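**Q** What follows is a structure written as structure tokens; I'll ask about it next.
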């Protein structure tokens, strides 16, 4: 369903499980950035009514996820800590094609957001399947389902505002780039991506 060309290295979830505090901190900031990204799209494209309607709901869900991650940190006696640079997201943004029409620029941003949601969904599935902590297993199962919905929202919006065949072609190109990025990044126990 997600279309990712390269699965996450299985070693990642083993490392993540041993360093769950750091994963939760990074995850909290991923949720904050996801909410902020949707707010930015709403502000940049207010005349796209369906986008505003759909992404307003996504903002609320992402912020709720942020609050939930904070609660999981607190339950374990940890605090939020400082944000980290997300090398994965930075690398994805370097693949956005500049120029073109407003709709083309919107599609680029929507598809990059879809990629981030797809990879997050895939990683949440790994955490759900392999974590030993039953509370976190349930949490990541819920988030996996939610992120899959967000991924679909971004793809549907892109196809609503631009030629669906061209969107699909661009999506396939970005999936290839995303696989290259994933294969080039170090496997880290303190990063969600």
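**Q** So for the stretch 68-116, what are the equivalent ellipsoid semi-axes in whole Å, largest first, each being the square root of 5 times an eigenvalue of the Cα gyration tensor?
**A** Each semi-axis is √(5λ); the values are 34, 12, 7 Å.
**Q** What is the calculated FRET efficiency for residue 101 to residue 183, with r their C-beta to C-beta distance and R₀ = 35 Å, to the nearest 0.05?
**A** Result of the calculation: an efficiency of 0.60.
**Q** Give the angle, between 0 and 90 degrees and rounded to the nearest 10, that separates the Cα long axis of helix 164-184 from the longest principal axis of the Cα atoms of the chain.
**A** Its long axis makes an angle of about 40 degrees.
**Q** Please determine, in degrees from 0 to 90 and to the nearest 10, the orientation of helix 102-130 with respect to the longest principal axis defined by the Cα atoms of the chain, where the helix direction is its Cα long axis.
**A** So the helix axis and the longest Cα principal axis differ by about 20 degrees.
**Q** With all pairs of different alpha carbon atoms counted, what Kirkwood hydrodynamic radius in Å does the stretch 25-114 show?
**A** Every distinct Cα pair counted, the radius reaches 14.4 Å.
**Q** Going highest first, how would you order 67-74, 139-146 by mean Cβ packing within 10 Å?
**A** 139-146, 67-74
**Q** Fewest Cβ neighbours within 10 Å first, please rank 121, 38 accordingly.
**A** Ascending Cβ contact count within 10 Å gives the list 121, 38.
**Q** Suppose only helical runs count, i.e. DSSP H with n ≥ 4. What mean residue ellipticity at 222 nm does that imply for the chain under -39500 (n - 2.57) per run, divided by all residues and rounded to the nearest 500 deg cm²/dmol?
**A** -26000 deg cm²/dmol
**Q** Note the full-extension length gain between residue 71 and residue 11 as 0.36 nm times their separation in residues minus their Cα-Cα distance, in nm to one decimal.
**A** 18.9 nm is the gain from fully extending residue 71 to residue 11.
**Q** What number results when the radius of gyration of the chain, computed over Cα atoms, is divided by 2.2 N^0.38 Å?
**A** Here the Cα radius of gyration is 1.01 times the empirical estimate.
**Q** So how tilted is helix 49-75 from the main axis of the chain? Cα-based, degrees 0 to 90, rounded to 10.
**A** Relative to the chain, helix 49-75 is tipped by roughly 10 degrees.
**Q** Still on this model: Taking just the C-alpha trace of the stretch 1-41, give me its Rg and Dmax in Å.
**A** 13.5, 36
**Q** Ok, one more. Considering Cα pairs under 8 angstrom that are at least six residues apart, work out the relative contact order of the stretch 40-121 and quote it in whole percent.
**A** That works out to 14 percent.
Values in this text are rule-based calculations from the coordinates and carry no lab data. Computed from a predicted structure; not experimentally measured. Heads up, the Cβs are rebuilt from the backbone with ideal geometry, glycines too, and the neighbour counts pull from every protein chain shown.
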